[in-house]
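The next block holds one structure in the form of structure tokens; read it before the comments.
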Amino acid sequence: MKTTDIAIVGGGPAGLCAAISAASSGARVSIIERNNSLGGQLNKQTHMFFGSEKQYAATRGIDITGILLNEIKKYEDRVEIINSTNVVGLYEDQIITLMENESKYYKMKPEAIIVATGAYEKFLSFSNNDLPGIYGAGAVQTLMNIYGVKPGKRVLMVGAGNIGLIVSYQLMQAGVKVVAIIDAAPKIGGYLVHASKVRRMGIPIYTSHTVKEAIGSSELEKAVIWQVDGNFQPIPNTETIFDVDVMCISVGLSPLNELLSMAGCEMKYVSFLSGFVPYRYSNYETTISNIFTAGDSCGIEEASSAMVEGYLAGLHAAEKIGKRHPSFEERVQDYTSQLNNLRSGPEGRHILSGINQIERRRDYA
Amino acid sequence: MLEITGVPTEAQIRETFPPIEAIDKGPIAVIECFQEIPCNPCATSCRFGAIYIGDNINNLPTIDIGKCTGCSICLTKCPGLAISIIDGSKSKDYVHFSIPYEMTPLPATGDMVRALDREGRYLIDVKVLGVRSNKNFDRTNIVTLEVPRDQMYRFRSISLEVIE
């Protein structure tokens, strides 16, 4: 059976950073990615990142992949990249099963595993929500920013979180009209600088509004929205109709956690982390020995913190299998303080209280 | 209001702007950053130490108008595109207003374009005084416009759209 020191499931921001720090610790690393290239969601983020220099702030997401891959290249003697491959099973005895190109199925036995699978998009239920022209925001970004294809001509954006605001801006950059951004919440959820950016281009934002229904015979032709009250209940006779051929649904993400559940990791629903997440120790190890996790798969946050969590999980996983980085303590301290810094604002307080619910302490006594 | 509409109030804007004496002296940065988020490229990119955030990167930036030279580096580094440069030293009737611009096509110097306010509403046609882009700006272009002084607290964006 194929073996490796550390298998990393997912080649997005968390997985790539985990690979860099595990490889720099001396471990043999296999990065398993379901797409045909690495980078994950970074490859669609044309905007400049927030955070500080250490998390590549002011650099565009699309350029961060290249920076991380250059770093990985330094360790190419011990890093294996397995693209176009899904991890379909993760078992308690730490065997993982892989499906390459939907055809070749095989097993791998790593010493440790880091699950950095990211997140999946939530969807919204409303009448006719399966009409062609109704997309998730991730699909719109993939079409536009990976393949250079416009999703349509006139878009209603559903969701005023960071993704909804950013994708609206990107649509305008691509020459697609965004007729409005709506959100059921009474306040804009994303960064206000992103909101101001799209507002001054003339895109209205309607908070306390949700989708009533989509109208169209063979594809989306109209979207009907209505206002909601303080309990998110629709208010009759507040309908507005938009002529649109695209509705872009951006109503949040949930941790992609199936592999962790399958392995038997103890999980908990934590609303501040946006879904079911594994209990974990401060070294990012789950309740199953030698199975680690980092990034959105253990709680929805920004890519900046996913990268730092990845660095930490990589260091710890390597240390666990006897490959301790020469400046292990120093690095752990640096990354930990970066995370604390990222989380020391109002948004970060929610994340920290979420983590507080799932982080376990070891009793070394 | 800002958190419901995405549009800062005029009071918020006026508080953000440097005093008119400073604007009339020469180019100076205007930072429209009203929310504590983890972000500090404006401070770390400033070669003159004019922008301060401090150890907690969630702090709002403060600007030392005595140190700001209006060099525009922060304008291109702000991920929120929240920084503009205003210069009132050139004319009694107009200010030179430089904004980040990431749309295509770019306007050309001398073009007349539609000036928009913070809600994207049309204000007036304004003249493009300059368009700068270089590798260091990393695809955030700087467009400088001639904005009448009575519009300077409202102006914030442009549109090249031709309205029939």
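Bear in mind that the values in this text are calculations on the coordinates, not laboratory data. For clarity, every value in this text was computed on a predicted model and none was experimentally measured. Quick reminder, even Gly has a Cβ in these numbers, built from the backbone with ideal geometry, and neighbours come from all protein chains shown.
Tally up the residues in segment A:74-97 that are without any contact (Cβ under 8 Å) to a residue 12 or more places away in the chain and acidic (Asp, Glu), please.
Within segment A:74-97, residues that are without any contact (Cβ under 8 Å) to a residue 12 or more places away in the chain and acidic (Asp, Glu) number 3.
Cβ-Cβ under 6 Å, sequence separation 6+ or interchain: first residue in segment A:161-172 and in contact (Cβ under 8 Å) with a residue 60 or more places away in the chain, partner surrounded by fewer than 21 Cβ atoms within 10 Å (Cβ to Cβ) and assigned to a helix (DSSP H, G or I). Which pairs?
none
Just checking, how many residues over segment B:13-36 are within 14 Å of chain A (Cβ to nearest Cβ) and touching a helix residue (DSSP H, G or I) at 6+ places or on another chain (Cβ under 9 Å)?
Residues flagged as within 14 Å of chain A (Cβ to nearest Cβ) and touching a helix residue (DSSP H, G or I) at 6+ places or on another chain (Cβ under 9 Å) within segment B:13-36 amount to 7.
Quickly run through segment B:50-101 and pick out the residues that are in a strand (DSSP E or B), surrounded by fewer than 19 Cβ atoms within 10 Å (Cβ to Cβ) and within 11 Å of another protein chain (Cβ to nearest Cβ).
None; the set is empty.
Counting only residues that are surrounded by fewer than 21 Cβ atoms within 10 Å (Cβ to Cβ), give me the helices (runs of 4 or more DSSP H) lying completely in segment B:1-49 with at least 3 of them.
Once the helices (runs of 4 or more DSSP H) in segment B:1-49 are filtered for at least 3 residues that are surrounded by fewer than 21 Cβ atoms within 10 Å (Cβ to Cβ), what remains is B:2-5, B:10-16, B:20-25.
It is to be established whether one or more residues within segment A:166-181 are in contact with a Leu (Cβ under 8 Å, 6 or more places away or on another chain) and hydroxyl-bearing (Ser, Thr, Tyr).
No: zero hits.
Would you check if there is a residue in segment B:124-136 being assigned to a loop (DSSP other than H, G, I, E, B) and buried (at least 18 other Cβ atoms within 10 Å of the Cβ)? Step through it out loud before you land on a result.
Step one: filter segment B:124-136 for residues assigned to a loop (DSSP other than H, G, I, E, B), giving B:133-134.
Subset that is buried (at least 18 other Cβ atoms within 10 Å of the Cβ): none.
Taking every residue of segment B:124-136 in turn, none turns out to be assigned to a loop (DSSP other than H, G, I, E, B) and buried (at least 18 other Cβ atoms within 10 Å of the Cβ).
Can you pull out the residues in segment A:15-57 that are of a type in the set (Gly, Ala, Ser), away from chain B (no Cβ under 14 Å), surrounded by 22 or more Cβ atoms within 10 Å (Cβ to Cβ) and over 19 Å from A:Glu111 (Cα atoms)?
A:Gly39, A:Gly40
Can you pull out every residue in segment B:60-76 that is at positive phi and either in contact (Cβ under 8 Å) with a residue 60 or more places away in the chain or touching a Lys or Arg at 6+ places or on another chain (Cβ under 6 Å) (or both)?
B:Ser72
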